[in-house]
Every structure is written in C-alpha cells, then in structure tokens.
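> My questions will all concern the structure given below.
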Amino acid sequence: MIICKTRKEISAAVANIRKQGRSLGFIPTMGALHQGHISLVKKSIEENDCTAVSIFVNPTQFNNQNDLKTYPRTIDADIALLESVGADIAFIPTVDVMYPEGLENVTESYDFGPIGQVMEGIARPGHFNGVGIVVHRLFELVPADRAYFGMKDFQQIAIIKEMVRQRDIHIEIIPCPIVREEDGMALSSRNIRLSEEQRKQAVQISQTLFKAQELAKTASVAEVQTFVETTVNSVPLLSVEYFSIVNAHTMQPVTSWDETDWVVGCITVNVGDVRLIDNITLKK
C-alpha cells in the first residue's frame, strides 16, 4: 500500500493508475476506522482495479470545537487495517495540505437548498458547507471513478450527491448499507468514546428503530414519531436531539406514509457528550 501525505504524492499515485488504464474507487474517511469503513473498502476493491482511502479529520465541518478536539484519532491502527484488507493507497493529508490558503481564508460556499436545511443542517450550522468543501477538494485530488459512503450518514450522502451535481463532477456516488454490531448498534468512530454503561444503554437507539420499523406497518407517522422519542428518552443516559421521519428522496418531513415510496427515520441522540446518529427505512 502506498501512503501519500502531500498533493504531489497523491497526484503522482493517481496519475500512475490512470496511465495504466485502471479504474479507481475512493473512500473519504475521518479515520478511527471500523468494520463499517472496511465494508466500503471491500466493496470498492470488488468493483475497481485500485482503491484509495483518505484519512482526514476535517476542521471545517465541525461547528463544535470540543467535538473536533475529542474526535478519535488512531492513525497507526488505521494504516494497519487498510493494509490488511488490500487497499492500494492511503491518503493522509494535514490541514495545511487540504487548506494551503489557511482555514481563515477558505471562501467556498454551498447552498444545498431544502436538503441542507433540515436535521443536521439545523443542528450543526455550517456542517454541510464544510462537508461540501472538503469532499470537493478530495475529489479534485483523487479523481476516482466511484466514491463509497456509508448510509449511516444518510443526509450527508444526499448533500454529497447534490454537491457533485452542482459542480458537475464526474464521479459515481455509491451508498452502502449500515454495518451494525451483533446487538444491532450502528458502528461509529464515536462509539469508542462511550463508557461501558453508556455503550450498554446506547444499543436502545437501534433497538427502538427496529421496533419502529415494525410499528410503521400499522401505526401513523405521528404515532411512530411519539413512540421513538418517548422510548429513547426514557433510557436514563440517552437524550434525543431529533427524530425526523422524512421523504428519503428530498429529506423533507412527511406526515403520511402515502406521500412517497421511500420513508426513512433519522435520529440523533446525545449520550453524555457523545453524539450518535442512526436511521432506518420505515417504508420502501
């Protein structure tokens, strides 16, 4: 596996792949890799001749500086894991490499319309603009054929697809299923910050979503909404930030199952100072 840290190194590695006429898959990550990330890497390896993975904790998408400071960083373990599964390139830039003009001079701005004005768009002002900026820059540095993203970040995938459309970037965005622990909890880099007791309680997030999926077959949207919020909030260490039942195509809230062919329930829960997200299809 080639490790690239500079623009020159990643450009040379990609140019070499292109010179050989080989296809390239790309997985942008913020590191602290887990089996969810690895499922994306394996999917890319299946579908492309070469696979590149970036590891970069992007400061422009954090509206909470403490969240940025405490975000897990496990770079040596990440490199070993990527090597073990057969990734071809690890791109590990610094902030100076990604933002050579200095963070204070970053001027890019995105308007994602209604899809960016709900859920995470409300809860984390500026977050999606930061996502758009860094993913666009990564796509310029690693101009792959396909890029792979986990569906745990459901709204983020919609944002990235819209960014690609707006900037006319020729890359296929491949959404991949959520990978869960044996007990159903969605894998997340943030999970390692949970105490033993918090982890024990946090599984109730996914367990409640699974029950909501069943309930949606017979109950109204409002009833499912109330059930999820009440159930999760009744768990001592959990606090629902939001639970939104949305049209999966537009990210807009629905009030009836008949409004669209695909409905998803998206949840964000605070477990102490750890913020966890998850989602589940309620109709498709």
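All of the numbers you see were taken from the coordinates with simple rules; none came from a lab. Treat the numbers as computed from the prediction; the structure is a model and nothing was measured. Here the Cβ is made from the backbone with ideal geometry for all residues, glycine too, and neighbour counts use every protein chain on show.
> Please go through (1) in contact with a Ser or Thr (Cβ under 9 Å, 6 or more places away or on another chain); (2) part of a loop (DSSP other than H, G, I, E, B); (3) more than 22 Å from Glu46 (Cα to Cα); (4) not polar (S, T, N, Q) for Ile169 and return the number of the only condition it doesn't satisfy.
Every listed condition holds for Ile169 apart from (1).
> Something else about it: Going residue by residue through the stretch 215-234, is there one that turns out to be of a type in the set (Asp, Glu), closer than 28 Å to Leu194 by Cα and out of contact with any Cys (no Cβ under 6 Å at 6 or more places or on another chain)?
Yes, the stretch 215-234 has at least one match.
> Sticking with this one: Kindly provide the set of residues from the stretch 100-142 that are buried (at least 16 other Cβ atoms within 10 Å of the Cβ), β-branched (Val, Ile, Thr) and part of a helix (DSSP H, G or I), ordered by number.
Answer for the stretch 100-142, where residues must be buried (at least 16 other Cβ atoms within 10 Å of the Cβ), β-branched (Val, Ile, Thr) and part of a helix (DSSP H, G or I): Ile115, Val131, Ile133, Val134, Val135.
> Within the stretch 143-161, is there a residue that is in contact (Cβ under 8 Å) with a residue 60 or more places away in the chain, outside any helix (DSSP H, G or I), under 27 Å from Gln65 (Cβ atoms) and of a type outside the set (D, E, K, R)?
Checked the stretch 143-161: at least one residue is in contact (Cβ under 8 Å) with a residue 60 or more places away in the chain, outside any helix (DSSP H, G or I), under 27 Å from Gln65 (Cβ atoms) and of a type outside the set (D, E, K, R).
> Test Ser189 against the stated conditions and say whether it is hydroxyl-bearing (Ser, Thr, Tyr) and surrounded by fewer than 17 Cβ atoms within 10 Å (Cβ to Cβ). Talk me through it step by step, then tell me what you get.
Details: hydroxyl-bearing (Ser, Thr, Tyr): yes; surrounded by fewer than 17 Cβ atoms within 10 Å (Cβ to Cβ): no.
So Ser189 fails the test.
> Any idea how many residues of the stretch 1-39 are within 14 Å of Leu82 (Cβ to Cβ) and assigned to a strand (DSSP E or B)?
Here the count works out to 8.
> Just to verify a result, which residue in the stretch 47-58, among those that are in a loop (DSSP other than H, G, I, E, B) and more than 17 Å from the chain's Cα centre (by Cα), is surrounded by the fewest Cβ atoms within 10 Å (Cβ to Cβ)? So that I can check it myself, show each step before the final result.
Restricting attention to the stretch 47-58, the residues satisfying the condition of being in a loop (DSSP other than H, G, I, E, B) are 48-49, 56-58.
Subsequent filtering for residues that are more than 17 Å from the chain's Cα centre (by Cα) retains 48-49.
Numbers: Asn48: 20, Asp49: 14.
Only one residue fits best here, namely Asp49.
> Checking the structure you have, find out if any residue of the stretch 262-274 is aromatic (Phe, Trp, Tyr) and over 22 Å from Gly121 (Cβ atoms).
No, the stretch 262-274 contains no residue that is aromatic (Phe, Trp, Tyr) and over 22 Å from Gly121 (Cβ atoms).
> Would you please name the residue that is surrounded by the most Cβ atoms within 10 Å (Cβ to Cβ), looking only at residues in the stretch 59-88 that are within 17 Å of Arg275 (Cα to Cα) and of a type in the set (S, T, N, Q)?
Only one residue tops the list, namely Gln61.
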